[in-house]
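The values are calculated or read from the model by the stated rules, or taken from the named source; none is laboratory data. Model, not experiment: these values are computed from the prediction. So basically every Cβ, Gly included, is an ideal-geometry build from the backbone, and we count neighbours across all protein chains shown.
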Amino acid sequence: MKALGGRLVVASHNEGKVREIRDLLAPYGLETVSAAELGLPVPEETETSFEGNAALKARAAAEASGLAALADDSGLAIDALGGRPGVHTADWAETPSGRDFGLAMRKAHDALTEAEAPEPWTARFVCVLCLARPDGTVETFRGEAEGRCVWPPRGDRGHGYDPMFVPDAGEGGRTFAEMDPDAKNAISHRAKAFAKLRAALETAA
């Protein structure tokens, strides 16, 4: 990880994402600071792809901080809903008082019910990591975790839509929110994207 100079901005205000990324970076001795800790504004996500939004956020943090920045854009794509909520995954949780992912999961379930979609409700979590450097260069790395949605939600670990997602690679039909964080991090979409990032950085070091 020498290519990053030892310090990295995690370009997110989502505490759950920041925690997962920090856990994944922990073995490499990098000092991480979140965009929230630096008081950086949240850029408007105007792109129509995970790659576009990740690059937008990483570039904004790198330019504002003068440090390398790592941004994550991720979401849940449900096949029976044509890939929704997709890049609008977090938007489905927005309320006047902040994000409510219990509400977001209910919206997803209601949409499946309205569509009369038969089970299993196949889906995938998608994560795109973007590494932006102060010189303007960017690299993106995509990971996916295949699985299915279930109802009602189960588990109190993880974050976001984790309680309604059972990964194909998991054991015992547990949702992400029922899994130990280390077990989730071994198979998650974010872990797969991170493995590609790590390989690229180790090659560059």
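The table below gives the values:
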| quantity | calculated |
| --- | --- |
| Scan of segment 92-121 for residues that are surrounded by 13 or more Cβ atoms within 10 Å (Cβ to Cβ) and of a type in the set (D, E, K, R), ordered by number | 94, 99, 100, 106, 107 |
| Residue 56 being touching a helix residue (DSSP H, G or I) at 6+ places or on another chain (Cβ under 7 Å) and either without any contact (Cβ under 8 Å) to a residue 60 or more places away in the chain or under 17 Å from residue 165 (Cβ atoms) (or both) | no |
| Residue that is surrounded by the fewest Cβ atoms within 10 Å (Cβ to Cβ), among those in segment 154-167 that are touching a residue at least 60 places away in the same chain (Cβ under 8 Å) and at negative phi | 159 |
| Enumeration of residues in segment 122-153 that are surrounded by fewer than 17 Cβ atoms within 10 Å (Cβ to Cβ) and assigned to a loop (DSSP other than H, G, I, E, B) | 134, 135, 136, 137, 151, 152 |
| All positions within segment 71-112 that are closer than 27 Å to residue 134 by Cα and either at pLDDT below 95 or not aliphatic (A, V, I, L, M) (or both) | 71, 72, 73, 74, 75 |
| Residues that are touching a helix residue (DSSP H, G or I) at 6+ places or on another chain (Cβ under 9 Å) and at pLDDT below 80, drawn from segment 26-46 | 28, 30 |
| Top-ranked residue in segment 147-163 [being small (Gly, Ala, Ser) and modelled with pLDDT under 95; ranked as farthest from residue 111 (Cα to Cα)] | 158 |
| Count of residues meeting criterion [in contact with an Asp or Glu (Cβ under 8 Å, 6 or more places away or on another chain) and either surrounded by fewer than 23 Cβ atoms within 10 Å (Cβ to Cβ) or assigned to a helix (DSSP H, G or I) (or both)] in segment 168-182 | 5 |
| Any pair with Cβ under 9 angstrom, 6 or more apart, that starts in segment 60-76 at a residue that is touching a residue at least 40 places away in the same chain (Cβ under 8 Å) and ends at one that is in a strand (DSSP E or B) and among the polar types (S, T, N, Q) | 70/32 |
